[in-house]
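Since every read-out is calculated from the coordinates, none of them should be taken as a lab result. What you are looking at is a predicted structure, and each value in this text was computed from that prediction instead of being measured. In this analysis, Cβ positions are derived from the backbone assuming ideal geometry, glycine residues included, and neighbour counts consider all displayed protein chains.
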Amino acid sequence: MNRLLTLSVLVALSTSVQAAPETFVIDNSHTYPHFTYSHFGFSNQTHKFDKTRGKVVIDRAAKTGSADVTIDATSVNTGYALFNEHIQAADYFDTATYPTITFKSSQMTFKGDQPASLAGDLTIKGVTRPVTLELSHFKCMPHPMKKVETCGANASTQIKRSAFNMGKNAPYVSDEVTLTLAIEAYKEQAPVQ
């Protein structure tokens, strides 16, 4: 009888441990938020941000999760220093006043066992709008070099620049912009006691 009770307790404990939410810290060196837009119809231009921080929380058993992402807007990288300065000016990102872009979500939806989308609030240039990031890829596994569980995803949404007070030169430079977050995040380690 004692063995059966002990086994039941162990099963219950292991189930509760598996169901716990897990926190993953964004790996800035492998996370690239980028945006794509049409440039006068000649080509689609893509630019990125070099500095991102934040956390993603996933509860796979409950099929819930959240994200809190902060992008350093002053780290915008177009590949051309003069253009970097140009789009940080007041007509566009206005990084002197609004140095960060944030995405905060507490609504992660799953399709089967995989996260499929994140609904939340995107704040650019002091303007907050609801958006839904659709995940085209999601994978978690032990990182072969860091030896810690790591999750990666590609998520994207479309916005209008004008909705964030950045509509200058539209429609020549398209008002519609695709935002993509290519993200990798490693499992937060419990502090050593």
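Worth a mention:
- Filter result for E188 (charged (D, E, K, R), in contact (Cβ under 8 Å) with a residue 40 or more places away in the chain and out of contact with any His (no Cβ under 9 Å at 6 or more places or on another chain)): yes
- Restricting segment 34-60 to residues that are among the small types (G, A, S) and more than 21 Å from the chain's Cα centre (by Cα), the residue that is surrounded by the most Cβ atoms within 10 Å (Cβ to Cβ): S38
- Count of residues meeting criterion [surrounded by 15 or more Cβ atoms within 10 Å (Cβ to Cβ) and aromatic (F, W, Y)] in segment 156-180: 1
- You will find that of A185, A153, the residue that is over 19 Å from V76 (Cβ atoms), buried (at least 18 other Cβ atoms within 10 Å of the Cβ) and touching a Pro at 6+ places or on another chain (Cβ under 8 Å) is A153 and no other.
- On inspection, A170 passes the criterion of being of a type in the set (A, V, I, L, M) and not in a strand (DSSP E or B).
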